[in-house]
Amino acid sequence: MSIGLGLTVTLRVRIGAHDAHYAGELVDGARILGLFGDVATELLIRLDGDEGLFRAYEAVEFLAPVRAGDYIEATGVITKVGNTSRTMAFEARKVVANVRDPALSPSAADAFAEPVVVCRAIGTCVVPKDLQRRPRLVLPALSSPGPELVAKLPEPRPIITPPPHVIVTPPESPLVLTAAIVGAEVTRAHTPYLPITAQELADEAARCRDAGAAVIHLHVRNADGTASQSTELFGEAIGRIREKTDVIIQTSTGGAVGMSVEERLGPLACKPEMATLNCGTINFGDDIFVNTRPDIRAIARRIREAGSIAELECYEVGHIHEALSLLKEGLLGAPLHFQFVLGVPGAIMPSEEVVLFMRSQIPAGASWAVAAVGRYQRPMTELAIKLGGHARVGLEDNIYLEKGVLSEGSAPLVARAAAYARSLGREIVDPDRARVLLGIPTTAA
Ligand code: KMH
Ligand code: ZN
């Protein structure tokens, strides 16, 4: 996997009077780029054990003036790791400034309740292969300091790099990431990283949660690796997941092609917080994934009886319209949660136009996400995140991190989506926040 994705560093500095370059004590934009250079260097040292070189900025935006006396917090996050290149997103925020009110002392200054973003940039650094001294990642330094260090620090102690979730841009629209960790079709022959036992599923769910997933889309497998919808196996997997992590568990009611509807509904006896509702029949590769209109209605009723929230799997535009019929018939409650499943061979193929059109068909207040198959997963995930939707990644839909490079489980795919989202300033929500957004009663958790 691409170690280093999502790695985040923050520096905080006071801009001195000697930095003021223009009228009104205004500071040169280059001073902020200098801070980004220092942030980038620390990121490279943590990842590669080398200072590396800054190669290019792809974009720089100056958004608010910086003046002498301002305290600037500069954050960088690694969003892409190539063989020698490391792409980073940067943000600088003003957190303290002089008041500059003639009625007050010239030394009067305020700490802001909300930081002001002064600059954003995206840039690429390079560490030549022969200078890389990996693995160097010093993760403990990125989280809160340990108790021994805290005891030695003067109070208050705000200067240690804060954990990533408090240093990203404030949310514009919160993002729910779902990890589809196993599915029904992928086998160990496709990838050795597929979780199969309840313990493996729980370990992977916890890794995905740590990487940013709030929801786990869950299938289970028999001991021989074949797909199952057995209540007992789901119960065991859910129990193990619950021991390790607080994710929302969304069980499949799709199962595998060829299963009867009754068989597919096995997990509902576990009363999961969420369950999928497949909204139509499609060619599924060379098979047919059958969801007749009466089946869909029967499954919708059973999901409701289980007290679960339905996620509406739409593999075609018409499936959205079917879901809207169910809403009218009273079989679903608003707000609806759509998953646009794109790229199943035999069904609709992914593209921006398709996503925009599908989005245009859902009612106001409904949420939407994209789950795209195979090589479409990454670009469609990024598109959905850019457009304000939610996203699902994971081995069920795609086993590769890059062309020809297997992802070591679903967590690296989640981490990459999360890093991309952070680079755009989207807040990645934790399971509890996702429960509120999805209307899941917290008592069921
Ligand atoms: N395995 C597919 C045939 C769902 O989980 O609800 C169906 C599926 C959808 O995976
Ligand atoms: Zn599934």
*Tell me which of these Val405 doesn't satisfy, since it passes every other one: (1) surrounded by fewer than 16 Cβ atoms within 10 Å (Cβ to Cβ); (2) in contact (Cβ under 8 Å) with a residue 40 or more places away in the chain; (3) of a type in the set (Val, Ile, Thr).*
(2)
*Every residue from segment 392-405 that is at pLDDT 95 or above and more than 16 Å from ligand 1 (Cβ to nearest atom)*: Tyr400
*So which of Thr75, Thr87 is within 24 Å of the chain's Cα centre (by Cα), within 30 Å of Ala23 (Cβ to Cβ) and hydroxyl-bearing (Ser, Thr, Tyr)?*
Thr75
*Test: residue in segment 316-328 that is closer than 19 Å to His219 by Cβ and more than 16 Å from ligand 2 (Cβ to nearest atom)*: no
*How many residues, within segment 50-60, are surrounded by 17 or more Cβ atoms within 10 Å (Cβ to Cβ) and either on the phi > 0 side of the Ramachandran plot or among the small types (Gly, Ala, Ser) (or both)?*
1
*Between residues in segment 252-271 that are within 18 Å of Gly239 (Cα to Cα) and residues that are modelled with pLDDT under 95 and more than 11 Å from ligand 1 (Cβ to nearest atom), which pairs lie under 9 Å by C-beta distance while being six or more apart or on different chains?*
Lys271/Ala444
*Members of segment 354-381 that are in a loop (DSSP other than H, G, I, E, B) and under 11 Å from Phe340 (Cβ atoms)*: Ile362
*So, of the residues in segment 254-276 that are out of contact with any Gly (no Cβ under 9 Å at 6 or more places or on another chain) and closer than 18 Å to Phe338 by Cβ, which turns out to be surrounded by the fewest Cβ atoms within 10 Å (Cβ to Cβ)?*
Gly254
*asked:* Take the conditions among the acidic types (Asp, Glu) and surrounded by 20 or more Cβ atoms within 10 Å (Cβ to Cβ) and apply them to Glu313. Does it pass?
replied: yes
*Any pair with Cβ under 8 angstrom, 6 or more apart, that starts in segment 273-296 at a residue that is touching a residue at least 60 places away in the same chain (Cβ under 8 Å) and away from ligand 2 (no atom under 14 Å from the Cβ) and ends at one that is among the polar types (S, T, N, Q) and in a strand (DSSP E or B)*: Glu273/Gln250
*Sort out which residues of segment 375-387 are open to solvent by 10 Å² or more (accessible area, probe 1.4 Å) and touching an Asp or Glu at 6+ places or on another chain (Cβ under 8 Å), and write them in order of number.*
Leu383
*When Arg207 is evaluated against the numbered criteria (1) in contact with a helix residue (DSSP H, G or I) (Cβ under 6 Å, 6 or more places away or on another chain); (2) within 16 Å of ligand 2 (Cβ to nearest atom), which criterion, by number, is the only one it fails?*
(2)
*So which of Glu204, Glu200, Glu185 ends up being closer than 22 Å to His390 by Cβ and open to solvent by 10 Å² or more (accessible area, probe 1.4 Å)?*
Glu204
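Conditions tested, residue by residue: (1) of a type in the set (A, V, I, L, M); (2) within 16 Å of ligand 2 (Cβ to nearest atom); (3) at pLDDT 95 or above.
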{"site": "Gly330", "(1), (2), (3)": "no, no, yes"}
{"site": "Ser351", "(1), (2), (3)": "no, no, yes"}
{"site": "Val370", "(1), (2), (3)": "yes, yes, yes"}
{"site": "Tyr376", "(1), (2), (3)": "no, no, yes"}
{"site": "Ile385", "(1), (2), (3)": "yes, no, no"}
{"site": "Ala421", "(1), (2), (3)": "yes, no, no"}
*asked:* For a quick check of your reading of the model, give me the residue pairs whose first member lies in segment 214-243 and is more than 26 Å from Ala417 (Cα to Cα) and open to solvent by 10 Å² or more (accessible area, probe 1.4 Å), whose second is away from ligand 2 (no atom under 15 Å from the Cβ) and assigned to a helix (DSSP H, G or I), with beta-carbon atoms closer than 6 Å and at least 6 apart or on different chains.
replied: Thr231/Ala269; Gly235/Cys270; Glu236/Ala198
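The values are calculated or read from the model by the stated rules, or taken from the named source; none is laboratory data. Nothing here was measured: the structure is a model prediction, and the numbers come from that model. Counting neighbours? That spans all protein chains shown, and the Cβs are built from the backbone with ideal geometry, glycine included. Side chains included, ligands, DNA and RNA excluded: accessible areas come from the protein's heavy atoms. Shrake-Rupley method; radii C 1.70, N 1.55, O 1.52, S 1.80 Å.
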